[in-house]
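Mind having a look at this structure? Questions to follow.
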Amino acid sequence: MALQIIGAGFGRTGTYSLKAALERLGYGPCHHMSEVIGDPSQIRLWSGVADGRPDYDLIFSGFRAAVDFPVSAYWRDVLVANPGAKVILSQRDAEDWYTSFSQTILPLVLDREAWPAKARPWFEMIEKVIIGKALEGRTDREGILAAYRANEAAVRELVPQGRGLVFSVRDGWEPLCRFLGAEVPGEPFPRTNARADFFASVKSGTEEPAT
């Protein structure tokens, strides 16, 4: 099954809400970091991508859409492998995004001493994917913001062709459904993954077994 939707938005841009919305619209299952964090086979496959040995057919087997890291770091390559797909960039104000990212994902990745042994393969993979690829090796504020803005600009180039959408989850169903040619559901747009939920999700997927 070829991917129909490729998410280019970095983590902390409402990607989990977008995942839930896409699945509600029939584009499920939707791949997300939540599928990767506790799955050794996905971690191994994404480590292969980070090391230059991608197998996107196997990674996305059974999925109709993919959003969030890791896919957003490699969305251009994934689009080449799935040329019929549409690209959606979940977006928020760059400074607002940096505040959230720098208080959640960034310290989690950079604090190597705090990586639990059980989850070390996942941490090593996301370090390569997020810092090495998405942020082009930059961990300073200006470098991170430059990478974020460049990623948005790349998706905007697809918009005039009808292949890309720059989307804020605050805008709700209308722009997303218009882009996908879908009927607007008669229910609120999903709102998920607040900061506390983010850390709870990471903890559940990386904590050491009880002794």
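Taken together, the values in this text are just the output of simple stated rules run on the coordinates, not laboratory data. Computed from a prediction, not measured in an experiment: that's the story for all the values here. A quick note on method: Cβ atoms are made from the backbone with ideal geometry, for glycine too, and the neighbour counts reach across all protein chains shown.
Charges at C-beta only: +1 for Lys and Arg, -1 for Asp and Glu. How large is the resulting dipole of the chain about its Cα centre, in Debye rounded to 20?
Roughly 220 debye, rounded to the nearest 20.
Still on this structure: Pairs of lysine in the chain with Cα under 21 Å and at least 8 positions apart or on different chains: total?
Lysine pairs meeting the criterion: 5.
Now for a different question. With a cut-off of 8 Å between alpha carbons and a minimum separation of six or more residues, what is the relative contact order of the chain in percent?
So the answer I get is 29 percent.
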